[in-house]
Structures are given as structure tokens and as C-alpha cells.
Amino acid sequence: MKKSSNRPKLLPLAICGSLTVFPVFGTLGGTVPGGTTPKTLFAFIPDVAEVPIAQDTSEPRELPLIDPNAEDPVDLEPQDWVDFEPQGVESASEDLKFEQVMEGAMSKNLSRRPLSEIISLVAEQFIGTPYVAGLLDKSPNETLVISLAGFDCVLFIETVLAIARGIAVRDYTYLGFSDRVEQQRYRDGKLTDYCSRLHYFSDWIDDNSKRGLLQNITPSLGGIPLNKTLNFMTEHRQSYPQLADDGNYNCIRQVEAKLKNVPLTYIPQDKISTLYDRLQPGDIIATATDIEGLDVSHTGLVYQSQDGKMGFIHASPSGQVTVSPDLQSYVQAVEGQIGIIVARPLDTRPERPDTLPSF
């Protein structure tokens, strides 16, 4: 097993409380064309802070016990599967959080659950985690940066999915977790440079679908075409520090040109509730937007509350990871959101425990 010195660096909360995987979700640094002052995406969706959140999910549910006598063939001790190299109080706290989630998953035999349930339980463990944007782009050189102390909306999804997939295959190592983050975040699963990052979420869905990690189920749900040209990044070049480099700029232009071949469909906001019986916990939700040149303005996961209602768990720009109790109501409450795109994570385990009863 590789030593902790080879693992991605966990930056202190004071520097990196969260990550921005896609710049359009976080702070747009610099100036936009025309000499205006720097903007954030909130300028395009000003009512985001007014979205209601659930009051009955402020604390995560305990990881469910499947069978106290069942054997889960894991013979690793905590010190064997979590490497510690504290870099300050915040970093040590993040390591502890990772350890706690994995210990809970091991002790409760969570690996024997369907992937959708694992995703839901992992997501709940981060309720209340702060929303902080813009930190993936702090370094001029593209590096794999991971934080459990705070998220933007896409970082929340990537973190939850990476941890859940590790639990599903009984890989409780931090190295395995970081490898899965890289696999999801970059084209063909490999970090090479700034342009290898999947900046547009429709590109993120398409690339991860090609590698069998998820399926875009929007067309099968009755999605209608989203006729847009994706060019938000190059049209706002001065808002992205890395695009000052001509190589990065030209590469992103090529990416945008190729995205013309990726079909975009979405479910209109007033049709969302009609599909509740076809959604499942852990489905990835991306909110389609009417912002010119942009496909998606926010992301999260389907959350089924204990009373059966279909909500939305997400890293909310209003402050923290939270649960909005009704998915359709949430989408309709935010200006600029016109509907949803739905992607379903695929369970790639050779033997999937789909027959286990739900918790």
C-alpha cells in the first residue's frame, strides 16, 4: 500500500474549505467582457438563497444495521486503511471524517446494500457541511485537490459517489477514494491538465457514461431537447484565470465545439413531480438553466425522506449541504432553472445485492 506522502494534498480550511470543480459553479474571477466587475453565478440566479430547506433532516440518520451476525469479509484495522499526515487542525478533522464514515460503513455492513442506498446514506453524513466555492482554481497548475470540510455543488456529488463506490466494493482506503474522484472529474478518468477537467456538467455526464459509471436517463423519462450552444467559458474568458493562457483557451474552445455533438435533453420543471415514481434515491440531478451558453447551474442528488417524499440533497449556495424537501418545488423556486437532467449511477459490482430489503 502506498504511503500517505503520495496521496492528494488536503488543504487547510482557511485556504481550501471547498473545491470548485467547474468554474461556472463558483466565483468567476477577473473581469467579464465590457469591463464590468467580477461576478459570481449568483448574479445570474439571484433568488437561490430563498429556496426552502427541510427542517427534519438537520442531523444524518445513523448508518443502518443490516444483520448484526452477517459476515462482511473485511479484515482491515482502521490504522491499515486510513493514512494520517495532519496538515493542521482542519486537515486532521477531514481525515477523521473520512475515517468515521468508513468505520460506520464497515461496522454496519453497508457494502451489502444496493448502490443507491449507499449513496444516500453517505450523502446524509455530510449534512451541514459548509458551501464554499472557487477553490479548485486557486492553483495555476491543475492538481487533484480534495476537501471534506466544504463543498460546492459538484464537489459534493463527486465526493459522495467516490466514497460510496469504495464502500460498495469494500475498498475503504483513502487512496482508492482519491483515485475515484480523479476518475469522475477528468476526461477518460485521467488528470493531465486544466483542459482535461470536465468543466461542463453535460460533458461530465457524457464522459462518465461512456466509461460505464452512470447512465443519462433523461431521454427515457421523456426529456425534451435543450437547444443551446455551450460557450459560456470562452465567452467569459476574462472570468477564468486559467483561460488567460492561450493553450488552455484554445483547448476549451475545442471542447465546446465537440459538445455540439452531445445531445442535450431536460425535463421541464412543471413535469418533475410526475416522474417521482421513476426516480430513485442517489440519482444525480442537474438543473438545466436559461443562462446563455450554459447547460447546468446547480447539481445534487435525489433524496427520499422517511415519509417517502422525493427531495433534493445538495451543497446549497445559501450556506451548507442541506435537504430541500420537494425536488420540483426547489427547481421552481430558483430563478433561471428551467428543469432537470437526470443521471443514474450504475452499480458495477459483479454481484449486486439488489434483493436486500430497503432500510
Exercise. What spacing in nm lies between the two simple spin-label points modelled at Val262 and Ala333, each 7 Å away from Cα in the Cβ direction?
Worked result: 2.9 nm
Exercise. For Ser178, Ser209, what's the fewest-to-most ordering of other Cβ within 10 Å of each Cβ?
Worked result: Ser209, Ser178
Seminar exercise, completed: Of the listed pairs Lys97/Lys309; Lys190/Lys260; Lys258/Lys309; Lys108/Lys138; Lys138/Lys271; Lys97/Lys260, those with alpha carbons more than 32 Å apart are Lys258/Lys309; Lys108/Lys138; Lys138/Lys271; Lys97/Lys260
Seminar exercise, completed: By Cβ neighbour count within 10 Å, fewest first, Leu327, Leu279 rank Leu279, Leu327
For this session: Could you tell me the distance between the Cα centroids of region 235-305 and region 107-171, to the nearest Å?
Result: 19 Å
Seminar exercise, completed: Here region 216-233 yields Karplus 3J(HN,Hα) values (6.51, -1.76, 1.60; θ = phi - 60°; whole Hz; Gly and Pro given as x) of 7, 9, 4, x, 6, 8, x, x, 10, x, 10, 7, 9, 9, 8, 8, 4, 5
Problem set entry | Order of Thr229, Thr287 under a 10 Å beta carbon neighbour criterion, fewest first | Thr229, Thr287
For this session: Please sort by residue number the GluC sites (Glu not before Pro) in region 238-337 whose DSSP state is loop and whose Cβ has at most 14 other Cβ atoms within 10 Å.
Result: Glu292, Glu335
Problem set entry | Formal net charge of residues neighbouring Asp245 (Cβ-Cβ distance under 15 Å; K, R +1; D, E -1) | -1
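All of the numbers you see were taken from the coordinates with simple rules; none came from a lab. All of these numbers come straight from a predicted model, not from anything done at the bench. In this analysis, Cβ positions are derived from the backbone assuming ideal geometry, glycine residues included, and neighbour counts consider all displayed protein chains.
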